[in-house]
Amino acid sequence: MISMISPPEEEESEACVSSQMTNFSETLSGLIGVSGILSTCDGDTIDGTRVVMQNFLYSKDVVTQVKDPIPAEPIDSSLGYLAVQVADHLCQIPRTFSLSQKKKQTWQELQVAAGKLQLGCTCESSALALSLVFGALSLLQTHYESIENLGLDAKAAASAMSSTTSRNKPLRHSGRHISMAVLRSYLIHAAHTDLLSLQILNHFAKAFKLGGDDSIEDDISAGAIRHAMRDVRKSNDNILMDEEVDSNQLNLLKRRISGAFALACQLQPWTILSPETLVEAAIPLELWHAAEDICISAHKASPEPLLPQNPSHETIYSQQRQKYNAQKSVERLIDAAIEDRMYRRADALATSLYDAGGRSRYVEARFNHACETISKVIYRRQIPIVDKQIERIDKAVAKVQQDESKYGPAVQPSTPTDPSQEIRKYAIEKLEEAGDISSAKRLASVFGLDYVYDERAILLAAAMRRRRYLQFDDVLPGAVPSLVTTPQELKNVFSRLREDSLRHGPFGFDAEWDEETQGAAVLQLANAKMAVLIDVPALLGTEDGVKAMKSTVGTLFNCTNSVVVGFACRQDLQRLRASPSKVRAYPESAGSHHCHSWLFGTRAVVDVQSLVGTKEPKLFKAGLSRVCQHYFGKPLDKAEQCSLWSGRPLSEHQRAYAALDAWVCVAIYQKVN
């Protein structure tokens, strides 16, 4: 039976280290023995494997590392011991050179060491030796990954081994069947235990180019990946929405999940596993590049619908369904970037994944990015960039229309009816708001539009827009609130907000930011009768402001007797936590990784989007504007969403938009309940 190895303390005695190495050896020997791998190898291969690892350990630069006698029998114990000793030496190399920061020399030394394992009398014996050392590195990685930097040593060693092995074609070819059998055994165990690092096993698979239809069975690969991801939802709830954010725990989770994602991309178990499931897990952890790689892998692996099914594989998803899953994963990834108001990233994803399913989101993503850019460059008086953004939209529309004639229409759920005209109108409206009438006229002239600055016509258009969309003064009395910028203002207005909420129920909240800046620019709070707009950078820029934010907003968000309602608020909370503060977070106590900051808890926060999806399944994953229209008869006007939120002063339109977003959250919550 294979037992879990406990993590070590930072200061380890020599006896403790020896005991741990023995545990590693026994664990690897157990994996070898239970799997029956050695029974498929002839005696010459096994003897050659032992010789190549012994030669490695007794070379002149390594011999001092071997302190205990090498057991001769049983054979699985002997090979397990040798593999762990070799892996441990490989891990020592980056530790030695890290002190001098000689990264290039470290890599060269690792490659030289890895090359020694390829000097067996046969390719089969070298392949078995490498396969066992990969397993030992996987055990070491899992054991040490919670200790700062130590987990990186096993990863560096595995990367060097993978790099040298992948270039050795005779070894890869002759040792393929052995490496495949060993990897299959590791994955079977990884589906039931946390001992093995999938990150290292991915390097193993890449070394021998294992992956695709002719290698590991999809159900075996999927089992290991699902096991690694079994606690992702729970971890997301505990880490990303919890009051105590342990950065070390979060980074550890990201590394483990990244290993599972990388292995999925390599082995491609898409007949069993939906890529959309992995993308959904990657989004809360902000593993955008990993999610993009998953989409690319699933797209490349999806077969043509007319090809016959492979009868040797038991599939859950048909070939047509695999193509559908691949496209849905791309659409979900781009939608998530748009929902999180990461318009530049959404544009980049829709561009890079255009042929994999991004075509259906291409114009929408580019339109949002263009609106965001236009708002910012007009604020900065960089007017020529406006023309380029409009041209980008025209080219995007033309590209999609041309491809529709070849491949048929792609569903584009939120794209404007006429994006080319809409982006021109948007640019002209923003120029008019900025008082730059001459640039508005020039832009209209360049694009052949009739333009006359008619204040009456502008007012009429504004009135029509007011009738179409929910307005601030439809639901909240009084003037649009100004930004709260000082600690005393915050305390005064917060006191009124709390008193008012005793009569008018829970709070709603939202945050606004610019993608390229750190943290949030504005925090909005509202109840049924009033709204407050908080200038986050201004308040967090002083010690008194930080204290005021902690005693007001921080206390409210962590109060178990309060309800603070957001809508798809994961990114809002992350932005608020990431906002630069005059007072740095500090550890709760010695040896603790939990940190106090002004936003020290979120136990009062409720995400109303999930409640809406439960009550109204047709609104599952619907945006705030659509949900608002469902409950209140009018959508929200999202024209200001892409504006420059870090600029000061904010316009009245921006402030009204921000206040209304927070009010709608609490109003929807009251409707749902």
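The values are calculated or read from the model by the stated rules, or taken from the named source; none is laboratory data. None of the values given here were measured: they were computed from a predicted structure. Counting neighbours? That spans all protein chains shown, and the Cβs are built from the backbone with ideal geometry, glycine included. Heavy atoms of the whole protein, side chains included, go into the accessibility calculation; ligands, DNA and RNA do not. Shrake-Rupley method; radii C 1.70, N 1.55, O 1.52, S 1.80 Å.
Being in contact (Cβ under 8 Å) with a residue 24 or more places away in the chain and closer than 19 Å to residue 644 by Cα holds for only one residue in 522, 563, 553, and it is 522. When we screen 293, 347 for residues that are over 25 Å from residue 624 (Cβ atoms) and either open to solvent by less than 60 Å² (accessible area, probe 1.4 Å) or at pLDDT 90 or above (or both), the only hit is 293.
Looking across the range 494-517, the residues that are surrounded by fewer than 18 Cβ atoms within 10 Å (Cβ to Cβ) and at pLDDT 90 or above come down to 495, 496. Would you check if residue 550 is of a type outside the set (Val, Ile, Thr) and not in a helix (DSSP H, G or I)? Judged against the criteria, residue 550 is not a match.
Checked across the range 168-189, the condition of being open to solvent by 10 Å² or more (accessible area, probe 1.4 Å), modelled with pLDDT of 95 or more and part of a loop (DSSP other than H, G, I, E, B) holds for at least one residue.
Identification of helices (runs of 4 or more DSSP H) wholly contained in the range 413-477 with 1 or more residues that are open to solvent by less than 30 Å² (accessible area, probe 1.4 Å) and more than 21 Å from residue 401 (Cβ to Cβ) yields 419-433, 437-446, 472-475. Among the residues making up the range 125-166, those that are among the acidic types (Asp, Glu) and either modelled with pLDDT of 95 or more or closer than 16 Å to residue 259 by Cβ (or both) are 145, 153.
When both residues are 6+ apart or on different chains and their Cβ atoms are under 8 Å apart, which pairs have a first residue that lies in the range 530-548 and is touching a residue at least 24 places away in the same chain (Cβ under 8 Å) and more than 27 Å from residue 664 (Cα to Cα), and a second that is in a helix (DSSP H, G or I) and open to solvent by less than 20 Å² (accessible area, probe 1.4 Å)? Listed pairs, sorted by first residue: 545/490; 545/539; 546/539; 546/540. Taking the stated definitions as given, is residue 410 crowded, with 17+ Cβ neighbours inside 10 Å, closer than 20 Å to residue 357 by Cβ and at pLDDT 95 or above? No.
Just one of the listed residues (366, 341, 345) is more than 28 Å from residue 435 (Cα to Cα) and either not small (Gly, Ala, Ser) or not in a helix (DSSP H, G or I) (or both), namely 345.
Per-residue answers, yes or no, for (1) within 22 Å of residue 50 (Cα to Cα); (2) in a helix (DSSP H, G or I); (3) at pLDDT 90 or above:
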| site | (1), (2), (3) |
| --- | --- |
| 69 | yes, no, no |
| 77 | yes, yes, no |
| 88 | yes, yes, yes |
| 96 | no, yes, no |
| 105 | no, yes, no |
| 108 | no, yes, yes |
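Residues that are out of contact with any helix residue (DSSP H, G or I) (no Cβ under 6 Å at 6 or more places or on another chain), among the charged types (D, E, K, R) and touching a residue at least 24 places away in the same chain (Cβ under 8 Å) within the range 606-643 comprise 607, 621, 634, 637, listed in sequence order. Apart from one condition, residue 100 fits all of (1) modelled with pLDDT of 90 or more; (2) not in a helix (DSSP H, G or I); the exception is (1).
Going through the range 114-133 one residue at a time, which ones are open to solvent by 10 Å² or more (accessible area, probe 1.4 Å) and assigned to a helix (DSSP H, G or I)?
Selection gives 115, 116, 123, 124.
The residues listed here are 92, 20; of these, the one that is modelled with pLDDT of 55 or more, in a helix (DSSP H, G or I) and open to solvent by 50 Å² or more (accessible area, probe 1.4 Å) is 92.
Scan the range 240-261 and give yes if some residue there is open to solvent by 40 Å² or more (accessible area, probe 1.4 Å), of a type in the set (Ser, Thr, Tyr) and modelled with pLDDT under 85, otherwise no. Within the range 240-261 (the criterion being open to solvent by 40 Å² or more (accessible area, probe 1.4 Å), of a type in the set (Ser, Thr, Tyr) and modelled with pLDDT under 85), the answer is yes, since at least one residue qualifies. When the range 641-669 is limited to residues that are open to solvent by 40 Å² or more (accessible area, probe 1.4 Å) and at pLDDT 95 or above, the one that is nearest to residue 485 (Cα to Cα) turns out to be 655.
Being of a type outside the set (Ser, Thr, Tyr), open to solvent by 20 Å² or more (accessible area, probe 1.4 Å) and at pLDDT 85 or above is a description that does not apply to residue 484. Restricting the range 200-226 to residues that are in a helix (DSSP H, G or I), open to solvent by less than 30 Å² (accessible area, probe 1.4 Å) and not small (Gly, Ala, Ser), the residue that is farthest from residue 135 (Cα to Cα) is 218. Based on this model, can you work out whether residue 402 counts as part of a loop (DSSP other than H, G, I, E, B), open to solvent by 20 Å² or more (accessible area, probe 1.4 Å) and at pLDDT 90 or above? No: the conditions fail for residue 402.
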